[in-house]
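Contents: one structure, followed by commentary.
The values are calculated or read from the model by the stated rules, or taken from the named source; none is laboratory data. This one's a predicted model, so the numbers in the text were calculated from it and none came from an experiment. We place every Cβ from the backbone using ideal geometry, glycine too, and count neighbours over all the protein chains shown. Calculation scope for accessible area: heavy atoms of the full protein, side chains included, ligands and nucleic acids excluded. Shrake-Rupley method; radii C 1.70, N 1.55, O 1.52, S 1.80 Å.
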Amino acid sequence: MNAVVLAVGVMLTLALLRTHVVISLLLGALIGGLAGGLPLSATLAAFNNGITGGASVALSYALLGAFALAIAKSGLPHAMADLAVKRLEHSDGKGKLKWALILLLGAVSVASQNLVPIHIAFIPLLVPPLLYAMARLHLDRRLIACVITFGLVTPYMVFPVGFGDIFLKQILLGNIAKAGMSVEGINVMHAMAIPALGMVAGLVWSVLVSYRKPRQYSLGKIENAERTHARVSRKSLATAFAAIAAAFSVQLYTDSMIMGALAGFLLFLATGVVKWKDADGLFNEGMKMMAMIGFTMITAQGFAEVLKATGEVGSLVSASAGLFDGNRGLAAFVMLAVGLVVTLGIGSSFSTVPILAAIYVPLCLHLGFSPLATVALIGTAGALGDAGSPASDSTLGPSSGLNADGQHDHIRDTVLPTFLHYNLPLLAAGWIAAMVL
């Protein structure tokens, strides 16, 4: 069996059996490396080399956790929750409030990719304070996970602004051109429109069909998860808004989540909303809150590096190519399926496209796919698996916010719902795009 398929299969199986995702990634990497012909020392060396690339991400999340708790200390989350609860007192407004929360989280998620490219930085700031209102509305958190993941993935797939500019223009078109196919005059939004409609179909199904029924959550656990009890004042609220604006502005200016979160946290210290004597404890608590997502991202980087070191990503594609026999429909399906497997393991569509483009472009040229169809095929193959991978920040981010009170399981409540609602329709839509463009 191909080492990449084996490693990803082991990782996903262990995760579904409720093995911690970090352990699942570690064991999957070891088994994949050994199966790929790497000795244990080389497997560990590749893994260690990979985890160094995740250190910056982990530090970003640790600082973000501290910043999120400083905002909680200001009382802003309490003010938001109180406003939502007051609206809940009016029974006629429950339905409207439910849709308002869904639309709010969806809109912010979309904006975080293109309009204000802050990615998942908004989740620990916005989602935990709304958990109480969601529970009172009996809103299924799996639905919210699908809404947020849709907003984290779909915009960069189709809109060439913000993260979309990086994915579509620099990575997708850049690597296709590097592999030998001209992309001059290609409208990338046209190429990715059909795959994006597949994501929209999955979102609509999750909201209107799969998770529309009420789901019960313990209000007591949500209240016990409150880490700070702050007195709300005009000064603390003004500081919170200023700190959020400063953090986002600094992040956009420096292109660093670390500097953005640090700037926001320092503003809380400078204004006295967070006392200097409390800063150490608050910082430690914030790091603990985001430790799981940080360590998972570090481990995922090591896992991805082992898969690359085996050299079997290319052999997986080459072996699949022997099945085509000139059949473009089968070729498109197999290329998309391979992209799904690779991205599920790596956890990043941005990292998958460069791996696949060098192999897929000559194959697409040989089979007669048009440049537009090739862009749609490789773009979809890269995006497949970003929603639904246990190691992707598009699933880890929503889980970090929705599980603030311990009532949301990462695998069963985020990974599986997003995998089923997005990867299956995206696979079908990507195949259609490859065949008709």
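Taking the Cα atoms only, what angle lies between the long axis of helix 21-35 and the longest principal axis of the chain, rounded to 10 degrees?
Rounded to the nearest ten degrees, it is 20.
In nm, to one decimal, how far is the modelled label at SER233 from the one at ALA358, with both set 7 Å along Cα→Cβ?
Between SER233 and ALA358, the label points sit 6.0 nm apart.
May I have the convex hull volume per residue, in Å³, for the Cα set of the chain?
Once divided by residue count, the hull of the chain is 137 Å³.
Positive end of the charge dipole of the chain (Lys, Arg +1 and Asp, Glu -1 on Cβ, about the Cα centre): tell me which of ALA15, GLY180, ALA261 has its Cα farthest that way.
Among ALA15, GLY180, ALA261, the one farthest towards the positive end of the dipole of the chain is ALA261.
If the only charges are +1 at each Lys and Arg Cβ and -1 at each Asp and Glu Cβ, what is the size of the charge dipole of the chain around the Cα centre, to the nearest 20 debye?
I would put it at about 1100 debye.
Could you give the longest part of the chain that holds none of the GluC sites (Glu not before Pro) found in DSSP loops with at most 11 neighbouring Cβ atoms within 10 Å?
Longest gap between qualifying sites, sites excluded: 185-437.
Using Cα atoms only, what is the angle between the long axis of helix 94-111 and the major principal axis of the chain, expressed in degrees (0 to 90) to the nearest 10?
Roughly 60 degrees between the two axes.
From the cross-link list LYS73/LYS213; LYS73/LYS235; LYS73/LYS277; LYS98/LYS221; LYS96/LYS221, which pairs have alpha carbons spaced over 24 Å apart?
LYS73/LYS213; LYS96/LYS221
Run the accessible area of the chain with a 1.4 Å probe and give the carbon-and-sulfur part as a rounded percent.
Answer for the chain: carbon and sulfur cover 64 percent of the accessible area.
Taking only DSSP H segments of four or more residues, each worth -39500 (n - 2.57), what value at 222 nm results for the chain once the sum is divided by all its residues, to the nearest 500 deg cm²/dmol?
-23000 deg cm²/dmol
If you wrap a convex hull around the Cα atoms of the range 385-433, how much volume per residue is inside, in Å³?
Hull volume normalised by residue count: 56 Å³.
Through the Karplus equation 6.51 cos²θ - 1.76 cosθ + 1.60, θ set to phi - 60°, convert the phi angles of the range 152-168 into ³J(HN,Hα) values in whole Hz; use x for Gly and Pro.
3J(HN,Hα) across the range 152-168, in whole Hz: 7, 10, 4, x, 6, 6, 10, 9, x, 9, x, 5, x, 5, 5, 5, 6.
With every protein chain present, what is the per residue accessible area of the chain (1.4 Å probe, Å²)?
Each residue of the chain exposes 41 Å² on average to a 1.4 Å probe.
Helix 276-289: angle to the longest alpha-carbon principal axis of the chain, degrees 0 to 90, nearest 10?
Roughly 40 degrees, rounded to the nearest 10.
So what J values fall out for the range 174-179 if you push phi through Karplus, 6.51 cos²θ - 1.76 cosθ + 1.60 with θ = phi - 60°, rounded to Hz, Gly and Pro as x?
x, 6, 5, 5, 5, 7
Under the 0.36 nm per residue contour assumption, what length would be gained going from the current alpha-carbon distance of TRP276 and ILE166 to full extension?
35.6 nm
Quick one: if the Förster radius is 41 Å, what FRET efficiency do ALA193 and THR52 give, using the C-beta to C-beta distance and rounding to 0.05?
0.60
Return the FRET efficiency for the residue pair SER256, ILE432: r is the Cβ-Cβ distance, R0 is 30 Å, and the value is rounded to the nearest 0.05.
The formula returns an efficiency of 0.15 here.
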